[in-house]
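Presented below is the structure to which this report refers.
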Amino acid sequence: MKRDLRIALVLLALCSASYAGWRPLERSDLDGLKAVELTDRLEHPWGLAFLPDGRMLVTERPGRMRIVAPDGTLSEPLKGLPAVAARGQGGLLDVAIDPQFAENRWVYWSFSEPGDGGNSTAVARGRLERNALTNVEVIFRQRPRFDGSGHFGSRLVFARDGTLFVTLGERQRLSDEAQNLANHVGKVVRITRDGKVPADNPFVNTPGAAPEVWSLGHRNVQGAALHPQTGELWTHEHGPQGGDELNVTEAGRNYGWPVISYGCTYVICSKIGKGTTQPGLVQPLTYWVPSIAPSGMAFLTSDRYPGWRGNLFVGALRGAHLERIVLDGRRVVEKQALLANLRARIRDVRQGPDGWLYILTDESDGRLIRLER
């Protein structure tokens, strides 16, 4: 077993090294797409949100948030952010703007927060004033804290009613807690814009349950988006060795981790839980074996890419590509890997107000790229 582990670590190092130092030129032969690089001066960028004037907020995992102009010009880091636990997969993570940003200037972000007993995913908000965030307050903290560096989840999505969905990982070593309604481990939670509990959350009246919980049985959700027609929350999550999942994440439902999975344990690939199905546990719309390590997700609603309107786009870290998913309602019709020639770990994907897709690459010299056609 030790020999297998050494071999796996060597292969992982070789794969990681193969992506180092890439500087692709503007290309138009990437599956019919043109990759227009706006900047390559971001350190492990994680989340992207568009301001009403077309500028972009981008988070960098070490703990910085910047404003990026449409021409790629970077601001200095915004002032006012709280300290982050920037180690492993932790740091400054997703970012979103208030549905009424034009009136209230609220910006929301998720981050791994240090504290007594370890760290956990937290959500803060502040008002954007020039190059600073003011009136900063933490509105949600995952409980319990845990001294770890993995599986923070951390996508932020506003529902149509103005409530906020927050995706939370199971912290990598607390898998069984994903089935425990008393905490936030391996859950999607739903809160109001000031961090309170909505009265119609599914477990508000369940004795002993954490009232913020929307759904349970998740491993590490790093992609979330509202369906443009139905308003449903769609998410994807990392499986272990294989078994990444795409789900429609509904109130009160149990998505199975770690009782069921289409993946297996690392290195020796032994069975996890009770197999792939169990009564009462939700089946994914689709899954990936081998794993692509999905991160970021966006529905395309524009006509910028003929024939692709309504498709779902998912970034791939391990797969180092952009996954295009053709849908018929909730049925996955086709999956296509795009942009493999970029040789980059894609951390986030968003549709901009101009209708183009924008991606962030997860590197020490991370890039913000606009995909034109």
I'd like to check one number: the per residue accessible area of the chain, probe 1.4 Å, reported in Å² as a whole number. 41
For Lys335, list the aspartates and glutamates whose Cα falls under 17 Å from its own Cα; do not include residues on the same chain fewer than 8 positions away. Asp31, Glu237, Asp244, Glu245, Glu323
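Figure the gain on full extension for Asp200 and Ala132 (residue separation times 0.36 nm, minus the Cα-Cα span) and round it to one decimal in nm.
21.0 nm
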Relative to the compact-globule estimate 2.2 N^0.38 Å (N residues), the Cα gyration radius of segment 71-140 stands at a ratio of 1.17
Cross-link partners among aspartates and glutamates for Lys196, C-alpha distance below 12 Å, same-chain residues fewer than 8 apart left out? Glu212
Accessible area of segment 196-296 with a 1.4 Å probe: how many percent of it is carbon plus sulfur? 55
If R0 is 30 Å, what FRET efficiency do you get for Ser75 and Ala337 from their C-beta distance, rounded to 0.05? 0.35
Shape of the chain, Cα gyration tensor, a/c cut at 1.5: rounded
Helix-only mean residue ellipticity at 222 nm, the chain, DSSP H runs n ≥ 4 weighted -39,500 (n - 2.57), per residue, nearest 500. What is it? -1500 deg cm²/dmol
Going 7 Å from the Cα of Glu103 toward and past its Cβ, which residues in segment 156-173 have a backbone nitrogen under 15 Å from where you end up? 161-163
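The values are calculated or read from the model by the stated rules, or taken from the named source; none is laboratory data. Bear in mind the structure is a predicted one, so any value in this text is a computation, not a measurement. When we count neighbours, we look across all protein chains shown, and the Cβ atoms used for this are built from the backbone with ideal geometry, even at glycine. Ligands, DNA and RNA are stripped out before the accessible areas are found, and what is left, the full protein with its side chains, is counted by its heavy atoms. Shrake-Rupley method; radii C 1.70, N 1.55, O 1.52, S 1.80 Å.
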